[in-house]
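> One structure, pasted below without further comment.
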Amino acid sequence: MITRVLLTAACAALCMAAQAKDVAVSTPASTLLLSANEGRPLTFRYYGSRLASNADAVQAGAFWQDAYPAFGNGNIGDAALIVRYPDGNMSADLALTADKQERDGNATVFTFTMKDKLYPLYVDVCYKAWDDCDIIETWTNIRWQGKKPMKLLRYLSASLPVRRGDTWWLHQHGSWGAEAETTIEPVTEGIKEVRDVNFPKNAVLNRPNIMLGLDGRPQENSGTVVGAVLCWAGNFRITVDTPDKRRHLLQAGICEDAAEYNLAPGATLATPHLALAYSREGMGGVSRAYHRWARAHGALHNGMAMRDILLNSWEGVYLNVSQKGMETMMDGEKEFGGELFVMDDGWFASAKYNRNRDNAALGDWTTDKAKLPQGVPALQAAAEQRGLKWGIWIEPEMTNTTSELYEKHPDWIVCHPTREPIKGRGGTQVILDMSNPRVQDFVFSVVDNIMTETPKTHYIKWDCNAEMRNFGSHYLTADRQSHLTVDYHLGLIKTMERIRAKYPKLVIQDCASGGGRVNYGLLPYFDEFWVSDNTDAEQRLFIQWGTGLFFPSNAMAQHVSASPNHQTGRALPLKFRFDVAFTGRLGMEMKPSDLSPQELQFAKEAVATYKRLRPTIQLGDLYRVLSPYDNKGYCSQLAVEQDKSHAVFFAYKFRQYINMMTPRFRFAGLDPAKTYRLAELNKPAGAKPASWEGKAFSGRFLMDEGIELSLPGVWDSKVIEATAN
Ligand code: DGJ
């Protein structure tokens, strides 16, 4: 009898391999190999370097394990699917009934349909392999054709074994103001898990993305690394289970805690996509694969577009917005050369509540005429007169108990009807229940009304400053209370789809007290995200480094703010603040009038330089070199155009002590055969040219040997343009 567990004898696996119908799901450099045989479960064989021949495939057949293991009928180890049928049976027995391949743009989608041998439960296990980047997306559609409802107790997106070698993993965690902290450590026996139940923000405490280094501690630009990113904005878990010396089991999906899901007759639940990346070029290769995929294949809204340089009003005036204050900021922005002005929180009110503190009026999205007597259209016109585009802040999924919206619709919030709501920010903030279609309509109307009143709005900053303190829904029926975290996000996505259908060009920033919702579940609808509320350039080096591991630079909003910094109190030179913000979508988060004339001059020149470099910085390939996490006090990286004709190199020093080692600053990602002329940018006034200034070096030399940089003080930095002759 064929068991559905891993066969320990390799020869048994190879014998079966010979008779199996193998299906290779391949990208340019990777293959995921499956055995698809009718009447048997879909079987996972291999994921790794692209297989070129049948011989490769037979050799690769090290695993023989269910590709989507169901609980209770032969599987040993964790299941991806646990069900309870209407008759109470919790065992599922899935067998393949059909498989197909279809082209979808630049990708091939493979769908393997399994059915329970006794029940009308269908599971489509899907893989989408891209032609031009090494990303395979995998997910399932779980379909129930029974006459009575059944329950899903666990419904992960994917389950795959990974060969065991000297395996390490990279995972991310943090807190408000310290997002995307990155840990790289060996995967030892037992279970490693990254898991977040901080709905509706799933990227503050933990992030739904990991990497696995298969050849020892993962390196930046060499070695085999696999990435796994769950495209979901709600509660999740990614688990690496290592029971023995042979393999790890990687599983990922929606976290099933308090999330049992009922399937009504005829219903389908599509699980979130898990995007797997494979690279033989280390962590950098995995990052570049995600960046290309995000930009080119819809994982980031309008991903190939370059983003404007903006001034956001928050750290300049906080809630004290006024017509005059906004216009003064616009004047300052025009002077330094910004392109888009964004009015942050504080502009709205109702007859009864205002937004002079952060404890009222969310939900009452009408202009506060006390602050802005001429209304928002007048501000938009003021921006236009200055040649600036216009943007505005909203937090549409939220309300305060001190708002007219809440007074009218107390049943619209996330909270069980029997409970008193526990409130967040300002002692009054609560979350609107996006599982409720009336709330979805309301949230849509918030955007729609803005676009109707000020049709030239170019940009919306969409904030989300709450975590779940209450569990329960007035809308969901008793047997569906456990749907809340899933249906909230499905409701949010449905609303975003509606917004996108009507406003495809509107630029929308995903903000959640900073980087609280940085995930590929939301980014198909958002153009960029606010990396962190912490704008301290030194700490940003770490936050941006961690974030860039999975997200492309044109999505990363990076603002120059005042000194001393409002979050850490640290005073940093303007040049360092600019150079750090330069690696993503540049912006400013301060009153321009606080800059001295010399600083304003520096800002003007830096902004003009950024505009010139924008295509390389925002759309080029990222090559990281010196990690701030190495504790050497330096950090460096490059943005390189895909044809390798042009690159921008960034180096930062953020520690200072006696007898400190100064590294050679090596470049990466250049063409070794090309010659590059170097030019220093963002130079302080009166700085002497470096020995390499204006000289040409081979790409090979710059990458193998690098150059000496003079960074004598702490918070010194360099931006160097490398142009191929
Ligand atoms: C949190 C955001 O991260 C800030 O940038 C700002 O928009 C505030 N919310 C406004 O309340």
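> Could you state the number of Å between the C-alpha centres of the range 349-378 and the range 384-418?
Between the Cα centre of the range 384-418 and that of the range 349-378, the gap is 11 Å.
> How large a share of the accessible area of the chain, in percent, is made up of carbon and sulfur atoms when the probe is 1.4 Å and the other protein chains stay in place?
Roughly 52 percent, rounded to a whole number.
> Quick one: compute the contact order of the range 504-575, relative version, from alpha carbon pairs under 8 angstrom and 6+ residues apart, as a percent.
Dividing the mean separation by the residue count of the range 504-575 yields 27 percent.
> Moving on to the next point. Per residue of the range 445-452, what does 6.51 cos²θ - 1.76 cosθ + 1.60 with θ = phi - 60° give for ³J(HN,Hα)? Whole Hz please, x for Gly and Pro, Karplus curve as stated.
Values, residue by residue: 5, 4, 5, 4, 5, 4, 5, 7 Hz.
> Report the gain in length on full extension from D131 to K408: 0.36 nm times residue separation, minus Cα-Cα distance, nm rounded to one decimal. All intermediate terms of the calculation are to be shown ahead of the outcome.
Working: separation 277, 0.36 × 277 = 99.72 nm, distance 5.18 nm.
This chain segment gains 94.5 nm when fully extended.
> Just to be sure I understand the model, the point goes 7 Å from the Cα along the line to the Cβ. What's the resulting R419 to T183 distance in nm?
For R419 paired with T183, the spin-label model returns 2.8 nm.
> Sticking with this one: What ³J(HN,Hα) values, in whole Hz, does the Karplus curve 6.51 cos²θ - 1.76 cosθ + 1.60 give for the range 550-556 when θ = phi - 60°, with x put for Gly and Pro?
So the J values, rounded to whole Hz, are 10, 10, x, 5, 6, 9, 9.
> How much length would be gained if the chain were fully extended between R246 and I76, taking 0.36 nm per residue of separation minus their Cα-Cα distance, in nm to one decimal? Intermediate values should be presented prior to the final figure.
Working: separation 170, 0.36 × 170 = 61.20 nm, distance 1.51 nm.
Contour length minus Cα-Cα distance gives 59.7 nm.
> Give me, ordered by chain and number, the residues 5 or more places off I460 or on other chains with an amide H under 5 Å from its own placed amide H.
Result for I460 returns I392, V507, I508, Q509.
> Please compute the net charge surrounding V580, taking Lys and Arg as +1 and Asp and Glu as -1 over other residues with Cβ under 10 Å from its Cβ. Each step should come with its number before you reach the end.
Working: positive: R540, K575, R577; negative: D536, E538, D579.
Here the count lands on 0.
> Once you keep just the Cα pairs under 8 angstrom separated by 6 or more residues, what percentage relative contact order results for the chain?
Relative contact order of the chain: 10 percent.
> Something else: How big is the equivalent ellipsoid of the range 551-590 along its three axes, where each semi-axis is √(5λ) from the Cα gyration tensor, reported in whole Å from largest to smallest?
19, 10, 8
> Also: Please sort 528-536, 293-301, 640-648, 308-316 by packing, taking for each peptide the average over its residues of neighbouring beta carbons within 10 angstrom, highest first. It would help to have the intermediate numbers written out before the result.
Numbers: 528-536: 26.4, 293-301: 21.6, 640-648: 18.7, 308-316: 23.8.
Descending packing order for the listed peptides: 528-536, 308-316, 293-301, 640-648.
> In whole Å, what are the extents of the range 336-474 along the principal axes defined by its C-alpha atoms, from largest to smallest?
Taking the Cα atoms of the range 336-474, the three principal extents are 53, 27, 26 Å.
> Run the simple label-point estimate for D630 and A270 please: 7 Å along Cα→C-beta, distance reported in nm.
4.3 nm
> The range 450-517 to the range 662-725: how many Å between their Cα centroids?
Comparing the Cα centres of the range 450-517 and the range 662-725, I get a distance of 44 Å.
> For the pair A501 and N320, what calculated FRET efficiency results from E = 1/(1 + (r/R0)^6), where r is the Cβ-Cβ distance and R0 = 51 Å, to the nearest 0.05?
Plugging the Cβ-Cβ distance into 1/(1 + (r/R0)^6) gives 0.90.
> Another question, then. With 18 Å as the limit, write out which pairs from K591/K611; K192/K632; K575/K688; K683/K718; K201/K591 have Cα-Cα distances beyond it, or answer none.
Beyond 18 Å: K591/K611; K192/K632; K201/K591.
> Moving on. Which peptide among 35-42, 104-111 comes first, and what is the full order, when sorted by highest mean count of other Cβ atoms within 10 Å?
By packing density, highest mean first, the sequence is 35-42, 104-111.
> Order the peptides 390-399, 461-470 from the highest to the lowest mean number of other Cβ atoms within 10 Å of their residues.
Averaged packing, sorted descending, gives the order 390-399, 461-470.
> Name the long-range amide H neighbours of K389: under 5 Å, sequence gap of 5 or more, or other chain; modelled H, no Pro or chain starts.
Result for K389 returns L340, F341.
> Continuing with the same structure: I want to check a number: in the range 256-386, how many lysine pairs have alpha carbons closer than 18 Å, given a sequence separation of 8 or more or different chains?
Counting lysine pairs in the range 256-386 gives 5.
> Between the range 282-322 and the range 110-187, what is the separation of their alpha carbon centroids in Å?
If you average the Cα positions of each part, the centres end up 26 Å apart.
> Which ³J(HN,Hα) values, rounded to whole Hz and listed in residue order, are derived for the range 673-682 from phi using the Karplus coefficients 6.51, -1.76 and 1.60 in 6.51 cos²θ - 1.76 cosθ + 1.60 with θ = phi - 60°, glycine and proline given as x?
Values, residue by residue: 7, 8, 10, 10, 8, 9, 9, 7, 10, 6 Hz.
> Given the convex hull over the Cα atoms of the chain, what projected area results after averaging over all orientations, in nm²? Can you show the working numbers first?
On the way: hull surface 128.3 nm².
The number I arrive at for the chain is 32.1 nm².
The values are calculated or read from the model by the stated rules, or taken from the named source; none is laboratory data. If you're wondering where the values come from, they're calculated on a predicted model, not measured in any experiment. Because the Cβ atoms are built from the backbone with ideal geometry, glycine has one as well, and the counts that use them run over all protein chains shown. Accessible surface is based on the protein model in full, side chains and every heavy atom, while ligands, DNA and RNA are left aside. Shrake-Rupley method; radii C 1.70, N 1.55, O 1.52, S 1.80 Å.
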